[in-house]
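Some notes on the structure that comes next.
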Amino acid sequence: MRRFQTIAVCFIAAAMAAYCTGPAPDAEVEAPEADGPPPGTLRSGPAFEFNAITDDIYHATGTGTLSVGSNSVIIINEDDVMIVDSHITPAAAYVLSEELLEITDKPIRYVVDTHFHFDHAHGNQIFGPEVEIIGHEFTHAMLSDPQGIFESRTYAGFTGGVPGQVENLRAQVESAEDAEERAALEAQLQVQEQYMLALDATNPTPPTLSFTDTLTVFAGDREIRLIHHGRGHTGGDVMVFLPEERIIATGDFFLPGTPYMGDAYLDEWPDSLERLREIDFETVLPGHGPPFTDRARIDALQAYLGDLWSQIGDLREQGVSAEEAAERIDLTSHQDNYPNITSPGIDPRVTIRAYERMDEIAAGG
Ligand SMILES: [Zn+2]
């Protein structure tokens, strides 16, 4: 019905102005045409760097000319391609699929969502029915509720400030004193403007195939194991393990740095990480940051998460509010492992989420 109205409005507009440039202002955002780019793909140079891990496995990272959010992993099989994580917007996923042609002309057949977070999964919508989008059933449930996503502390918290940043950058460009400074600001402005357009065109899209514990894909002669080791960064973290190559893609479940914890199961995450020790991997391709091989990073993250959970528990027991607890948390003793921790205090979304989790546990969840 809505679509019919849009067409009708266009028809009337066309009769008056002899052209119709797009949907009426009140029309819903529709999926892009299969053969055209979605809004927000304009960029000054390549958006992705494809770092070869082997002949046919790549860690794709953003260059900064386009907002792409997370890293992705490209697995080129005998006849097709698997992409682990679809990036932050339909625009970012579309550009990935375009730039991918530099390294392969095989068709994309699988997309794996390591978890539901927008910076990893909001590119899903550009893929057609020939692509199987695979994720945990928790991820399926989350991405099936777009309104819930848009209103969530994570999505709203990370993207709500974008229009303001664009306004700010526009003002800075206006008042820039020299040409070099102005050019740098204009480049930043383009990235943020395109990001804003791309966010507006996003329809969270759930996986077409979901699972709970493990799922193995046999693609040509390659075995690809999708593994859920329990709740951690979210309720449905999936890792992608290639036993032959001893490579594992870990999403945000296991990162070289400190992860975002606003949707975390802090109480279960260290145990879920413990099970990672059973896997015979050599190289970790994380959802953020560079590849690494140091297995001791498991210990570092377990210690950090355990300390955080226990400090939050103590503060809550003392009757401290979640917001005040965020200011009082002190994780500076983990600075050797995480040099970014330079002072006490943590993102209040972490303590708010932890308090929520403690309520869930008290209620038997
Ligand atoms: Zn995440």
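The values are calculated or read from the model by the stated rules, or taken from the named source; none is laboratory data. In this text, all values refer to a predicted model and were calculated from it rather than measured experimentally. In this analysis, Cβ positions are derived from the backbone assuming ideal geometry, glycine residues included, and neighbour counts consider all displayed protein chains. These area figures cover heavy atoms from the full protein model, side chains too; ligands, DNA and RNA do not enter into them. Shrake-Rupley method; radii C 1.70, N 1.55, O 1.52, S 1.80 Å.
Some observations on this one:
- For region 304-362, a crude dipole built from +1 on the beta carbon of Lys and Arg and -1 on the beta carbon of Asp and Glu, taken about the Cα centre, is about 100 debye to the nearest 20.
- Accessible area of the chain belonging to carbon and sulfur atoms, whole % at 1.4 Å probe: 51 percent
- Sorting 85, 263 on solvent-accessible area from highest to lowest, probe radius 1.4 Å, gives 263, 85.
- Simple rule: put +1 on each Lys or Arg Cβ and -1 on each Asp or Glu Cβ in the chain, find the dipole, and look at 122, 204, 66; the Cα lying farthest toward the positive end is 204.
- Placing 82, 358, 196 in order of accessible area, with the largest value first and a 1.4 Å probe, yields 196, 358, 82.
- Secondary structure note: in the chain, about 65% of the DSSP beta bridges are antiparallel.
- Rolling a 1.4 Å probe across the protein heavy atoms gives the chain an accessible surface of 47 Å² per residue.
- Across region 139-153, coupling constants 3J(HN,Hα) worked out from phi with the 6.51/-1.76/1.60 Karplus curve, θ = phi - 60°, read 4, 4, 5, 5, 6, 7, 10, x, 4, x, 4, 4, 8, 5, 4 Hz, and Gly and Pro carry x.
- Close amide H contacts of residue 222 (hydrogens built in the peptide plane, cut-off under 5 Å, sequence separation of 5 or more or a different chain): 78.
- Of 318, 165, 147, the one that fluctuates the most in a GNM where the chain has Cα springs shorter than 10 Å: 318
- What the Cβ-Cβ distance of residue 324 and residue 51 gives, at R0 = 45 Å and to the nearest 0.05, is a FRET efficiency of 0.60.
- Assigned charges on the beta-carbon of Lys, Arg, Asp, Glu; the chain dipole about Cα centre (debye): 520 debye
- Pairs of Cα atoms nearer than 8 Å and 6+ residues apart set the relative contact order; for the chain it is 13 percent.
- Only Lys, Arg, Asp and Glu carry charge here, each on its Cβ (+1 for the first two, -1 for the last two); on that basis region 88-238 has a dipole of about 620 debye about its Cα centre.
- Value at 222 nm in deg cm²/dmol, rounded to 500, when DSSP H runs of n ≥ 4 in the chain each add -39,500 (n - 2.57): -11500 deg cm²/dmol
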